[in-house]
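Peer 1: Before we start, here is the structure in question, set down as structure tokens.
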Amino acid sequence: MDVNAAVAAASAIAGLLTGVIAVLAFRWSEREQARPTRTALHTDAVLPPGVDTVLSVLRSSAVVLDEGDTVVKASSAAYALGLVRGGRLAVDQMLQMARETRRDGEIRQVELDLPRRGAGRGEGLAVSARVAPLGSRLVLLLVEDLTEARRIEAVRRDFVANVSHELKTPVGALSLLSEAVMDASDDPEAVIRFAGRMQIEATRLTSLVQEIIDLSRVQDDDLLDDAEPVAVDDLVAEAVDRCRHQANTKQITMAAGATPDLFIWGNRGQLAAALGNLVENAVNYSPARTRVGITGRRIPATGGDLIEISVTDQGIGISEKDRDRVFERFYRVDPARSRATGGTGLGLSIVKHVAATHGGEVTVWSAEGQGSTFTLRLPEAGIARDRALPPGTDPDAEADAEPADEPSDDQLFQTLPEHIPAPEVLP
């Protein structure tokens, strides 16, 4: 009995000690959680009220530096761009701007080209940096990524330059031919010959202008305004009729397989233009007495079935180095042959845009001397509406439009509390 009593007493004492320790640990944990961390003390003590909230909604990358050039606050975008590393500003030009602004209180802005983290040579990052004083000792750095905007601007400049060059060729030819007609006014045969050449150049100019209009329309039209179920059989028949005269002239056989019960949801005019361009290219770049085939089929895919329309020719084919560029605007595999066929270099670009705006794609298989197969792959009518891109989307160049009513960083910056002290000019 004495042994049992001793054991019971020891157990009671052990339980009591465990309870006391648990209570003390709980109280200590609550005290530690209530105590501000070093980072919180640093940020809350330095940043004026309301600044942290404003910085969190800025579109630009934001960095706040204290008087020792230590990063007090940085947005996640600033870390993603590699502006902040190890709690310090990693770009020397921006750091120098911050020091000068802290010294004289002036706002500075500059555009810089920075190396992109993890990228190879030549792949830089274009940014616009603006530095402004924030209180007496702090400096605010706002950095906007201009890389995509510059790329889009470069694409637009190239497009304008290419259009100007392409238009100048037939216009210049027409000018020279008109002078030749005037000089040969007493030679009827020469006049007829030069007039025929003028008709060819005028037709080429008309085709070029029309395709530029078509390309602009494809990029700007609202697909859903005129969308409807379009039968693949109707598209194929229209494309064959469009190229029948050219094919008969070259004795090219056009074989179109029946595609019953296949429908695509979209703009009938755009789809007909895209398929017509593929068939026209196949006829133009095929030798005489060959065959052009047009087939359609339904293929299973994740998210819904796709409609696949393929145009196959027995033409000259496309080399591997040119295969990835044939869909670029004004790009021609053989410029001399394009001039002979009246090609403008915009047909395949229009096909690419039509496919993209309808939520699909266009691909090419080709081998030199064996022909080519262009495949237009689009969602079936039942699911195409959900997969179509927004109107006006340019897969080469256009960026997403920002909401018109979203405030700018300058407007947000003006919402900071008015009681922030004026900047103190340092010696």
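The values are calculated or read from the model by the stated rules, or taken from the named source; none is laboratory data. All values derive from a computational prediction rather than experimental measurement. All Cβ positions, glycine included, derive from the backbone under ideal geometry; neighbour counts span all protein chains shown. These area figures cover heavy atoms from the full protein model, side chains too; ligands, DNA and RNA do not enter into them. Shrake-Rupley method; radii C 1.70, N 1.55, O 1.52, S 1.80 Å.
Peer 1: Provide T302, T203, T101 ordered by accessible surface of protein heavy atoms (probe 1.4 Å), highest first.
Peer 2: T302, T203, T101
Peer 1: So for the range 226-312: antiparallel DSSP bridges make up what percent, rounded to the nearest 5?
Peer 2: 75 percent
Peer 1: If you put +1 on each Lys and Arg Cβ and -1 on each Asp and Glu Cβ, how big is the dipole of the range 219-305 around its Cα centre, in Debye rounded to 20?
Peer 2: 860 debye
Peer 1: Multiply the residue separation of I152 and S207 by 0.36 nm, subtract the distance between their alpha-carbon atoms, and state the gained length in nm to one decimal.
Peer 2: Here the segment from I152 to S207 would lengthen by 17.2 nm.
Peer 1: Spin-label point model (7 Å from Cα, Cβ direction): what's the E368 to A184 distance in nm?
Peer 2: Reported label-point gap for E368 and A184 is 3.8 nm.
Peer 1: List the lysines whose Cα sits under 21 Å from the Cα of K321, skipping any in the same chain fewer than 8 residues away.
Peer 2: K352
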